[in-house]
Amino acid sequence: MNPHWLSPTRIRRFTTLLLAAHGLGAALHAQDGFPIAPGTGLPPLEAAKAMTLPPGFRSTLFAGEPDVHQPIAFTIDERGRLWVVENFSYPDWSPYGRDRVVIYEDTDGDGHFNTKKVFYDQLNFGSGIAVGLGGVWVGSAPYLLFIPDRNHDDVPDGPPEVVLDGWGHDDTHETLNSLVWGPDGWLYGNQGVFTHSHVGRPGAGDAGRIRLNACVWRYHPTKKVFEVFAEGMSNQWGLDFNDVGDAFVTACVIPHLYHVIQGGSYQRQAGPHANPHVYDDIKTIADHFHYDRGESWEAARLGEGETDDFGGGHAHAGTLIYLGDSFPAEYRGSLFTHNIMGNRINRDVLEPSGSGYVGRHAPDFMKANDGWFRGLRLEVGPDGSIFNSDWYDARACHQQRPHDRTNGRIYKLSYGNSKPVRVDLKQFSDAELVEMQLHQNDWWVRRARLILQERGPNPEVAADLLAQLQAQTTVPRQLRSLWALHAVRGVTEAVALQLLKHPEPYVRGWTIQLTCEDKLPSPALLAAFADLARNDPSPIVRRFSRFGGATHRARKTLGNRREPDRARRGRVRSQSAAALLVRARTTRAPRSRALSRARRPDSDHRASRLGRTPTGGAGRRNSARSTGPLTLA
């Protein structure tokens, strides 16, 4: 017998085929080349018990069918309640629907919901949700909706308000998704590459809209401004921010992990870049893949070769940077993402490098041991535990039919003796919410900051936050104070000029980004930016200068403008001069890993090392209309 015939790969394939023949093991038989899990799956409680987690962790069922169905998205409000979008129509879009927003609450602290109420039940294709600033924000293509509930009685104050329309639904697993509040008070989200949108206010003409596909976008809820934050990637369905406010996205098909910088153009799965002058794009920060690159694409999709050892597959959903307070310290700052075909949660470690990061592979955090598990969303709760939703289906891909719409689960992943917390942050005073910016669990920080933003500008609160910032000795706490100060409109020109001299690079960098938010920084601030561009030694500050300060100002924006056209044009000319200084400095200075790959002659070095063919945005090859971001009022 040829000894090579019994290679580890062949043994693995033979064993898994035997398991599949008996209805066990991984998803191994296929429909048109896509995997289908064998058997009928596990009941909800058994599925929670079947999960494998590191020592000390446990999985419990928060909700399962028949109490929840097809939980495509959820979020956690200031009372620790889960607001869940049930999508009964996926993958088929229709202008009529019965998708619902349902509120689940654990009132007795046993880890399982015991009350639920339907908030709204007439969505046509629910795909994302965020709660805050007087209501509920829902992605429901072709609309981004706001459902008002300003008295917080869990009953809509009126019909949904269309904030933006024109969202595409060509490919329903790539429509607007992953709504999340950023540290700067904007509502962020994703859209995928094969869905094409023309976004604007209801009734707006072509000049008041922006064409977009693969991107990270954002909308400011009080300034009523919409814009593309960064362009590129694939059908990303996950977005979160780390301890210093950097954004990260996980994607499918292409390499899975990206550090998302404002104004950046990223590797695309297909199609040209919006900017025709992009001659190369920013690549993945991951130093690994979650599937066996030695296998064919079709074989890896079925889990063949060493794919299980590498992480389970190429499809990811949900992005969570763990910033809770109940897991062991080694997990803080880790990035968790569901591996849809691998039926698990992958874990990556974000290692700072220059002005960016390298994503290192860590052991998988959870294995469901159930081929029907299809995780979508991950969120941290007030007790530091992770909630994650499970679409639960034998079929993993939108191309497959039929989909099982009878089930769905939400699990809670906890460590040690963590106990559920009952709280209502709306009842806290301003002073208590300010103090909460120092909480170790970022759920408290984010929800408290959002409430301060909703309460509006307050000089006393601003003074307290500035004093808090000046008293802190760690960068994350300094930034939390700064973001909350911005939320209450407390970053004045005088404050900003002082913060631009702060010893910490991230404080200087975030001051640039926040003061450029309206794209009308004062002449004094522009002069300070130019000085930083010439003289600041930090690649982090240069990154904020280049992306947060310079390139974004040249992009198309739609929204309120309080200055006459002549004054506005004068400001634009001044900004362009400052941008030239910034670009000159960033070209000469040492650059981060994220930026230098786009300019170095050997920019394919990482692509070669990872064994993939780079896809660039070379100007002539990938020319496209320059649509830029758009701001709406």
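The values are calculated or read from the model by the stated rules, or taken from the named source; none is laboratory data. Remember, predicted model here, so these are calculated numbers, not experimental data. Cβ atoms come from the backbone with ideal geometry, glycine included; neighbour counts cover every protein chain shown. Keep in mind that these areas ignore ligands, DNA and RNA; they rest on the heavy atoms of the full protein, side chains included. Shrake-Rupley method; radii C 1.70, N 1.55, O 1.52, S 1.80 Å.
Using a probe of 1.4 angstrom, how much of the accessible area of the stretch 320-461 is carbon and sulfur, in percent?
51
For the stretch 217-298, with all protein chains present and a 1.4 Å probe, just round the carbon and sulfur fraction of the accessible area to a whole percent.
The nonpolar share, carbon plus sulfur, comes to 55 percent.
Take the Cα radius of gyration of the stretch 403-514 and divide it by 2.2 N^0.38 Å, with N its residue count; two decimals is plenty.
1.32
Rounded to two decimals, what ratio of Rg to Rh does the stretch 38-171 give with C-alpha atoms and a Kirkwood Rh?
Value, to two decimals: 1.01.
Over the stretch 52-145, average the accessible area per residue using a 1.4 Å probe and give it in Å², no decimals.
So the stretch 52-145 comes to 32 Å² accessible per residue, rounded to a whole number.
Normalised by the empirical 2.2 N^0.38 Å for globular proteins, what value does the Cα Rg of the stretch 76-153 take?
It is 1.14.
Determine the sum of side-chain charges near Ala362: Lys and Arg each +1, Asp and Glu each -1, restricted to other residues whose C-beta is under 10 angstrom from that of Ala362.
Summing Lys/Arg as +1 and Asp/Glu as -1 gives -1.
For the stretch 437-547, give the magnitude of the charge dipole about the Cα centre (Cβ charges: +1 Lys/Arg, -1 Asp/Glu; no others), in debye to the nearest 20.
It works out to roughly 320 debye.
What whole-number volume per residue, in cubic angstrom, does the convex hull of the C-alpha atoms of the stretch 179-253 give?
Taking only Cα atoms, the stretch 179-253 has a hull volume of 90 Å³ per residue.
With a probe of 1.4 Å, find how much accessible area the stretch 412-463 has per residue, and write the answer as a whole number in Å².
47
In a shell of Cβ-Cβ distance under 11 Å around Ala300, excluding Ala300 itself, what net charge do Lys and Arg (+1) and Asp and Glu (-1) give?
-4
Going out from 0 in 5 Å bins, what whole percent of all Cα-Cα distances in the stretch 260-414 drops into each bin?
Result returned by the calculation: 2, 8, 15, 18, 18, 17, 13, 7, 3, 0.
Per residue, how large is the accessible surface of the stretch 494-539? Use a 1.4 angstrom probe and give square angstrom.
38
Which FRET efficiency value, to the nearest 0.05, do you get for Lys224 and Arg58 by plugging their Cβ-Cβ distance into 1/(1 + (r/R0)^6) with R0 = 41 Å?
The computed FRET efficiency comes out at 0.40.
Extension gain Glu454-Thr473, at 0.36 nm per residue separation less the Cα-Cα distance, in nm?
Difference between extended and current length: 4.1 nm.
Give me the lysines in straight-line cross-link reach of Lys367: C-alpha distance below 20 Å, same-chain residues under 8 apart excluded.
The qualifying lysines are Lys49, Lys412.
Which trypsin sites (Lys or Arg not before Pro) in the stretch 113-173 sit in a loop by DSSP (not H, G, I, E or B) and have at most 11 other Cβ atoms within 10 Å of their own Cβ?
Listed in order of number, the matching sites are Arg150.
If you take the Cα atoms of the stretch 332-405, find Rg, then find the Kirkwood Rh from the mean of 1/r over all pairs, what is Rg/Rh?
With Rh from the inverse mean 1/r over Cα pairs, Rg/Rh is 1.06.
In debye, nearest 20: dipole of the stretch 136-197 around its Cα centre with unit charges on the Cβ of K, R (+) and D, E (-)?
Around 100 debye, computed over the stretch 136-197.
Once the piece of chain linking Ala362 and Lys426 is laid out straight, how much longer is it, given 0.36 nm per residue of separation minus the C-alpha distance between them?
My answer for the length gained is 19.2 nm.
May I ask for the net charge around Arg100, where only other residues with Cβ less than 10 Å from the Cβ of Arg100 are counted and Lys, Arg are +1 while Asp, Glu are -1?
Local charge sum for Arg100: -2.
Please give the FRET efficiency for Trp297 paired with Asp92, using the beta carbon to beta carbon distance and R0 = 35 Å, rounded to the nearest 0.05.
Efficiency, from the Cβ-Cβ distance: 0.85.
If Lys419, Lys412 are ordered by their accessible area, calculated over protein heavy atoms with a 1.4 Å probe, which sequence runs from highest to lowest?
Final ranking, largest accessible area leading: Lys419, Lys412.
Would you mind estimating how fast the stretch 373-461 diffuses translationally, via Stokes-Einstein at 25 °C and 0.890 mPa s with the Kirkwood radius over Cα pairs, in µm²/s?
154
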